[in-house]
1. Hey, does region B:136-145 have a residue that's under 28 Å from A:Met891 (Cα atoms), within 12 Å of chain A (Cβ to nearest Cβ), in a loop (DSSP other than H, G, I, E, B) and open to solvent by less than 20 Å² (accessible area, probe 1.4 Å)?
2. Kindly list, by first and then second residue, each pair from a residue in region A:760-782 that is acidic (Asp, Glu) to a residue that is modelled with pLDDT under 85 and assigned to a strand (DSSP E or B), limited to pairs with Cβ atoms under 8 Å and residues at least 6 apart or on different chains.
3. How about region A:716-732: which of its residues are under 15 Å from A:Leu773 (Cβ atoms) and at pLDDT 90 or above?
4. Could you please tell me which pairs satisfy a Cβ distance under 6 Å, a separation of 6+ or placement on different chains, a first residue in region A:204-225 that is within 16 Å of A:Leu541 (Cα to Cα), and a second residue that is among the hydroxyl-bearing types (Ser, Thr, Tyr) and open to solvent by less than 10 Å² (accessible area, probe 1.4 Å)?
5. Step by step: first the residues of region B:374-425, then only those that are part of a helix (DSSP H, G or I) and of a type in the set (Phe, Trp, Tyr), then the one that is most open to solvent (accessible area, probe 1.4 Å). Which residue is that?
6. Just for region B:213-234: of the residues that are among the β-branched types (Val, Ile, Thr) and in a helix (DSSP H, G or I), which one is nearest to the chain's Cα centre (by Cα)?
7. If a residue has to be over 23 Å from B:Ala274 (Cβ atoms) and open to solvent by 10 Å² or more (accessible area, probe 1.4 Å) to count, how many in region B:89-118 make the cut?
8. Inspect region B:148-158 for any residue being away from chain A (no Cβ under 14 Å), of a type in the set (A, V, I, L, M) and crowded, with 17+ Cβ neighbours inside 10 Å and give the result as yes or no.
Amino acid sequence: MNKSEVTGHRVQGAAGSPEPGARSAERAMSEEATQSLVQIEQPNHRAQSSELSAQGGDAALHAGVGKKLTLEQVRAKLADENGNPKKGKRFWRSVDELADAPEFAQLVNEEFPSQASEWIDPVSRRSFLKVMGASMALAGLAGCTKQPDEAIMPYVTAPPDLILGKPVYFASAFPFTTGAVPVLIKSAAYRPIKVDGNPEHPYNRGGSDPITQATLLDMYDPDRSQHVLYRGETRPWISFVGEFRAMLADKKASGGQGLYFLSTTVTSPTLAAQWQQGQKNYPQAKFIQYDTVNRDSHYTAAKQAFGEYVDAQYRLDQADVIVSLDANFLGGAQYPGFHRLVQDYANKRKLAGTDAMNRLYAVETGTTLTGFKAEHRLALRPSQMAAFAQALAGAVGAGAANGGNWADHEAKYLAGVAADLNANGGKCVVIPGEMAPPEVHLAAFAINEKLGNVGRTVVYTETVNPMPSIQMADLKGLVADMNAGKVDWLVILNANPVYAAPADLEFESALGKVGTIVHLGSHRDETGEIAHWHINNAHYLEMWSDARAYDGTVSIVQPMIAPLYEGRTAHEILQSMLDHPDMSAYDAVRATWMQNGGPLAKGDAEFNWRKSLHDGWIADTAFTPKSVTAKGGTGAAATVAAAGSGVEVLLQPDPHVYDGRYANVGWLQEIPRPLTNLAWDNAAQMSYATLEKYGLQENDAVEISVGGRKIVAGALAVPGQSDGVVVVTLGQGRRIGRVAGGVGYNGYLVQVSDAPYQQTGATLKRTGDIYDLCAPKSNHIDQRAVFAGGPRPGDGMHSLEGDESLDRGIIRYATLTEYKADPDFAHEGVGHWAPKPDETMFAAYRYDKNAWGMSIDLNSCVGCNACITACYAENNIPVVGREQTKIGRIMQWIRLDTYYEGDLAAPRAHFQPMTCHQCENAPCEQVCPVGATVHTPEGLNMMVYNRCVGTRYCSNNCPYKVRRFNFLLYSDYETESLKLMRNPEVSVRSRGVMEKCSYCVQRIEAVKIEADKENRDIHDGEIRTACQQACPTNAIIFGNINDKSSQVAKIKTNQRTYGVLADINTRPRTTYVAGVLNINEELAKSLGEYTS
Amino acid sequence: MATKDAPVNNPMVDPLTGEYRVIAPGHTFKSVTEKVSRIVLTSHTPLGWWFGFLLAGGFVMMLMTAVTWLFLKGVGIWAITIPVAWGFAIINFVWWIGIGHAGTLISAILLLFKQSWRNSINRFAEAMTIFAVVCAGMFPLIHVGRPWLGYWLFPYPNTMNYWPQFRSPLLWDVFAVSTYATISVVFWYMGMIPDLGTLRDRSQSKLGQFFYGLLSVGWRGSVRHWVRYETASLLLAGLATPLVLSVHSVISLDFSVALLPGWHTTIFPPYFVAGAIYSGFAMVLTLAIPIRKFYHLEDLITIRHIDNCGKVMLATGMIVAYGYSTEVFMSWYSASHWEYFMMWNRMFGPMGWSYWVLITCNIALPQLMWIRKFRTNVGLMFLMSLIVNTGMWFERFVIVVTSLTRDYLPSSWGTYRATRWDYMTFAGTLGLFTFLFFLFIRFLPMIPMSELRLMLPQAKVREKKELLPEAGD
């Protein structure tokens, strides 16, 4: 990102006045005054005027004066001797003088949303929206439509850093349960319109993931709750505070007896500090954290092994051999440290100037991206996992051997992995899964310790969660207290336990025994409906907070926009307990880091503060490794449930909607999940053998009963799933929300607190109904069912699509040995031929300056879907809904093609991001009768929406099938909040128009304009497409292929580079780098894998 | 071919040639004129006509409903998706256009080849052409995503600096179909002028006299009129003849120009033309057989016509069969994986059933028409005409849909399931076609009286040399 663009200026325009009264004149004046202040303030250092209000507020704080000017007084000051308002230049000077007065600073301060605590007038939000409406009209969005009837308010004087049409970038952080994701937010006219990873942050270096990308839509979600409610009626926030404080006053004597908080996992040091302060005043009050996906296993094991809670950080840049014990560390933000891990993993697979590669073994109970990226994957039943980990520890001499009864291939696998680990002591790492039992973690600790990995490939640090605990135990304690009638007030902070608590706790009925339930949440969800008080939560894009990334680095969460619905935060609720109940979150965060010897306090604190806001993190706050030693031992030998004693149930969070909190985000629902390709659904996932054993077919409704609890789900066969296991996905089956409501089934109904992620002894029963699963893209269920059969070597099942993709040269890969022997493997063999550039009868296009091209490294791509989500956000792609998705009308411009290879029981998967190839010989261009898709002088196939009449011939003729058609009116032209979200540089397509990937032409043009202004060529890497920017592994490279020194031109000369379907002479501009797998030859031989 | 198996004492069989007669013996100029014009000029509209007319009208209303809903909601109400972005609309378009071809062939090519047996059926075959083109022409218009901008396909001067893209076969379609429609209408109308004059003269009602008087544009039947009429007919026939070959060739290019396996093949133009004539003749029979029965026109539309249509169908059907077999052969001989897979998928893929429907209807069953007894059996030939029409519809279905469901990237394979709106639109155009046809047979002479009179023996007495056999050979 262009550094100069990363200015720190913050939300403006959302002005509120301390005195509702004669408003407009005051507003105009105070705005002018503010703006003049901005002009006066010359940024002396790199962090620009990011916190003007802050400075003012700070000044006021330092002055320690609560006295503030009224507007009358300001007027008086500004007027001349006769009381007439001053005009012209003198006016500005007067303000200049005024600006130094602390009283005035405070007045200004209150015009800013940082002090939103005093911002109680509902009118101001509407005014804010009007200003936004005006700026959108100016930005050209509403250019062709009628002006709104309401009066609109233009800027009298535009803020100096606002150039409409020119976006500004701010660094912030997305606080997620596994650790904050540092983000860089693109803001157009003070509306956040894109969330991306912070490229300079040491933790994720620009990488993001689908959830982070989709938090944008989460903020603009029209279903967000918009008011503080008491028993369903709108109340002002202040009346809640009044009641809350009255209760606190009552409980002061008893030390807060009966006051309970239930929160999601805390990663904010300030929130923790606020609670700790509150705990001092109310020692009997309790604060419980609970998340469905928590670190209980890890913490339990850590406590046992190290005697304290620690986080494990894996340094995959140092690891040559990686063993995942049910750890889906390539699957998404749900694995702690994902962004860093996936990048380090991929960097060692790029084979740039070296033949060295890492090797990944995955032992897993479900089917995850990590498993399918692994060179060698072993599928186990959940109950076998702990024993296998212990057996592995035993095999490398790190513990007592668990002499489990392993099948032949399992034993071979175990021996192979153990041998490889032993041979790579200090250069290997074993990563345990978050949802695996504690024994697996213990085994991993022991193995890493034994092989000398600690300090090299794994380090132990403080926990990201400032208040680590065993969450399930806490939750059980809470429910027990609730049932015992001990809970007087329960304040639920952003959690939805009515929906997501394990079924056996019967949380909802326990709630009936609670005196007052307060629910802070972004939506009035299942819990919010029951709660007495519902407080609408501010989104992280609207609030001040702080959070730690998984490496410990602290980021300040700064608001990008004034809270759309005056949302409140957990900070404000906790602050209400304290001595300064009105202190804003902003001040609380500043206090945490700037006072009492905080890291920003050294030197010029204000400068440090601004720098950290500008950079997006507070320097030198990353955790330093702790020297802890595992006590050894891998726990009591785990027993394995006998195969055949019923089905084992494995509960997993949904890869996109997580534990259900993002279920109302349309992008996340619609984008097909990795591997299963399910959209708008979750299924009972099982192997083909299990399906057959229970007489089921795909799409059958199946009743899963375990421990007396039952759910009905659609049966889906997932290649590679171990037999005798059914995977139940959590996060769907919500009751509430226009998007989430009624999608899929609720897996929490079979979750029990004693074994939250895996249970044995389940039975499956066909109900006789058909559950119509929504699995778009390839692997169309009805086709797969027909073609999966048919005699083949192996067990009689094969993937037609996978076979075809290999035959057609769509997927090309080699093992490392093969690659070394024949580096040109990607161009040899049937279907791998491609015409040379001059092999044509026609004159080729000439590209004098720029010729855009893209390269996608299939070795790095882990199939996480971040690119797709980014594309939705960048290009205003509409969500079409379940029915339309199911019949193949999903609008994604980039999709992730997944091909399975070989045996359906133990396949390999290949992921291929597929987007418009911008062919030189574009089949789409010549068949369009109205010239709506044309070739640009820089080699792009441009779609001219205005010209398109919608014959769809181009799509038929596109061999890559990357064109998308608006069969119906998919774009939402009605919902106000979604209008704010859209990228103003990309048209919103209407019905009847074809659309497709444009290589983010709006980004190309923006950079070209800048380069033209500076009379220079475009630098390599200056343009980044949305997918490229989002990719956590940098698998996508984009640039000018005419510039032979560019990264993309160089990678296109790589011998592994190939074009998909190049043999039909489309001459694609997007090429792929063929995969290379660093297989363990001996193991492959003994298992019979990788035989052609 | 001698009619060995026809009974000798059948008056419909010409004893000289042993062939069925083109026109029943005993007709005079007057009787022919009387028979044909009475259908139009009668004031007693048959109840059966009303029944069929209203039934067809109901289907037209259904079409209106379907199209209105389509314009309100968008083409998404149909089953089309990605990858199958063309569905019923294009199938129906090609099918209807194909049906039209027989009319032009009969009126133009057979005229040039002096096949005078065509005279009895050419008028309504031409009408069939026009109505089929009406039905066909509707589809390209309504199938586009933004039909209100359909006029952008025409090259016309405008301020938008907008010009069509001439490399696209869809644009060629526009020209081909609009030319075809124009020539067909002109040819049809001009051919009717002498008959319209007759109707004007015979009409008893003021309205009829006015109406037919207007349409007959002052036809007086003078020799000069006749000379010019004959010349114009020949010229128009000359113009229309290449169209028979070109229109469906151009339409087949919609497919052959694309690079989709199953579309990208050079055999399409000839085999589309043959297929078009095949289905067109089938449709002629589908119409002629009930009408002949209903209006007792067995004298004028004889077994001979049905027999001849059967022979044409047999011939064109064999060309089509050759086309299919060449496709199969080439998919093997080309050694192209794409072609090979396409053919395998077409035969045995999830939509393989449609291929076998097509083979059965278009190739297997029509072989029965080798048998003369079959060809001269009116009921069986009616059945056969329906079978061939079905088969030809499925041919387009196979080409359009099956090829699209599974193309290059296995990840993008899809499926196609028509929606009720697809069926309603298709059935609606069948209704529209029938509706227009009912109007035609009620208000216009469906058999050209003037040309029929030429076929009577009386018309040939002026021939000097010898008594020619009955017209028709």
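1. yes
2. Listed by first residue and then by second, the contacts come to nothing, as the list is empty.
3. A:Val726, A:Val727, A:Val728, A:Thr729, A:Gln732
4. That search, which allows pairs on different chains as well, returns A:Gln213/A:Thr869; A:Ala214/A:Thr869.
5. Residues of region B:374-425 part of a helix (DSSP H, G or I): B:374-375, B:378-405, B:410-412, B:420-425.
Those still in the list that are of a type in the set (Phe, Trp, Tyr) too: B:374, B:382, B:393-394, B:397, B:421, B:423.
Numbers: B:Phe374: 28, B:Phe382: 67, B:Trp393: 27, B:Phe394: 36, B:Phe397: 13, B:Trp421: 49, B:Tyr423: 127 Å².
Among those that are part of a helix (DSSP H, G or I) and of a type in the set (Phe, Trp, Tyr), it is B:Tyr423.
6. Initial filter on region B:213-234 (among the β-branched types (Val, Ile, Thr)): B:217, B:223, B:227, B:231.
Then keep just the ones that are in a helix (DSSP H, G or I); that gives B:223, B:227, B:231.
Details: B:Val223: 33, B:Val227: 29, B:Thr231: 25 Å.
Out of the qualifying residues, it is B:Thr231.
7. Qualifying residue count, region B:89-118: 1.
8. No, every residue in region B:148-158 fails to be away from chain A (no Cβ under 14 Å), of a type in the set (A, V, I, L, M) and crowded, with 17+ Cβ neighbours inside 10 Å.
The values are calculated or read from the model by the stated rules, or taken from the named source; none is laboratory data. This is a predicted model, so every value here is computed, not measured. Here Cβ is always computed from backbone atoms with ideal geometry, including for glycine, and neighbour counts include all displayed protein chains. These accessible areas exclude ligands, DNA and RNA; they are computed on the full protein's heavy atoms, side chains included. Shrake-Rupley method; radii C 1.70, N 1.55, O 1.52, S 1.80 Å.
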